[in-house]
Amino acid sequence: MVKRFSMVFITLILAITALLLAAKYPTGPNTVSFDEPAIMWLNAGILVMLFLLPLIFSFFNLLVLRIISAIYQVFFVFGFLGLVLVGFMIPSIWVIVNGALGAIISICSILVTIFVGAKKANLVTK
């Protein structure tokens, strides 16, 4: 449980870092920036809400919830990989590093979500 929760929480921290990097390097007038703090807080709240489901599911050891959480986390991987592409367009090395690190940690989080606890569940059923 602690491993799954910490991996998803680290991914959340990287997503908030990506939001702050996006605010630091705005690409146009309709993007997130530090000039409008209310919108920054709103976006941070939306990010936390998106991560609530995998954070809650990380407390349970049911196979169905682990699979749903892993499928949900695949969308985070796609988001971070898209961030890498955006980093090449900006160009900002920090956005690229954050996106790559987020994608790697998200993939590791998926693997931990699926495989950690599987041995315990198999031992209980035998």
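The values are calculated or read from the model by the stated rules, or taken from the named source; none is laboratory data. Computed from a predicted model, the values in this text were never measured in an experiment. For neighbour counting, all protein chains shown are included, and Cβ atoms are generated from backbone atoms with ideal geometry for every residue, glycine included. For the accessible areas, the whole protein counts, side chains as well, though only heavy atoms, and no ligand, DNA or RNA atoms are used. Shrake-Rupley method; radii C 1.70, N 1.55, O 1.52, S 1.80 Å.
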So residue 7 passes all but one of these: (1) loosely packed, with under 15 Cβ neighbours inside 10 Å; (2) in a helix (DSSP H, G or I). Which condition number does it fail?
(1)
In this structure, does residue 77 turn out to be farther than 26 Å from residue 112 by Cβ, touching a residue at least 12 places away in the same chain (Cβ under 8 Å), out of contact with any Gly (no Cβ under 7 Å at 6 or more places or on another chain) and among the aliphatic types (A, V, I, L, M)?
no
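Determine which member of the set 44, 23 is over 19 Å from residue 115 (Cβ atoms), of a type in the set (Gly, Ala, Ser), assigned to a helix (DSSP H, G or I) and within 15 Å of the chain's Cα centre (by Cα). Steps first, answer last, please.
Working: 23 fails: within 15 Å of the chain's Cα centre (by Cα).
Exactly one of 44, 23 is over 19 Å from residue 115 (Cβ atoms), of a type in the set (Gly, Ala, Ser), assigned to a helix (DSSP H, G or I) and within 15 Å of the chain's Cα centre (by Cα), namely 44.
Please indicate, with yes or no, whether at least one residue in region 48-55 is modelled with pLDDT under 90, touching a helix residue (DSSP H, G or I) at 6+ places or on another chain (Cβ under 8 Å) and under 20 Å from residue 79 (Cα atoms).
Step one: filter region 48-55 for residues modelled with pLDDT under 90, giving none.
No, region 48-55 contains no residue that is modelled with pLDDT under 90, touching a helix residue (DSSP H, G or I) at 6+ places or on another chain (Cβ under 8 Å) and under 20 Å from residue 79 (Cα atoms).
Can you give me the number of residues within region 54-96 that are open to solvent by 70 Å² or more (accessible area, probe 1.4 Å) and part of a helix (DSSP H, G or I)? Steps first, please.
In the first step, residues of region 54-96 are kept if they are open to solvent by 70 Å² or more (accessible area, probe 1.4 Å); the result is 56, 59-60, 62-64, 67-68, 71, 75, 78, 81, 85, 88-89, 91, 93-94.
Now narrow it down to the ones that are part of a helix (DSSP H, G or I): 56, 63-64, 67-68, 71, 75, 78, 81, 85, 88-89, 93-94.
Final tally of qualifying residues: 14.
Sort out which residues of region 71-108 are of a type in the set (Ser, Thr, Tyr) and at pLDDT below 90, and write them in order of number. Lay out the reasoning, then the answer.
Our first condition is that a residue be of a type in the set (Ser, Thr, Tyr); within region 71-108, this holds for 72, 92, 106.
If the condition is that a residue be of a type in the set (Ser, Thr, Tyr) and at pLDDT below 90, then 92 is the only one that fits.
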Selection within region 26-41 - in contact with a helix residue (DSSP H, G or I) (Cβ under 7 Å, 6 or more places away or on another chain) and part of a helix (DSSP H, G or I):
40
Region 13-46 - residue that is open to solvent by less than 50 Å² (accessible area, probe 1.4 Å) and in contact with a Pro (Cβ under 9 Å, 6 or more places away or on another chain) and, of those, farthest from residue 84 (Cα to Cα)
33
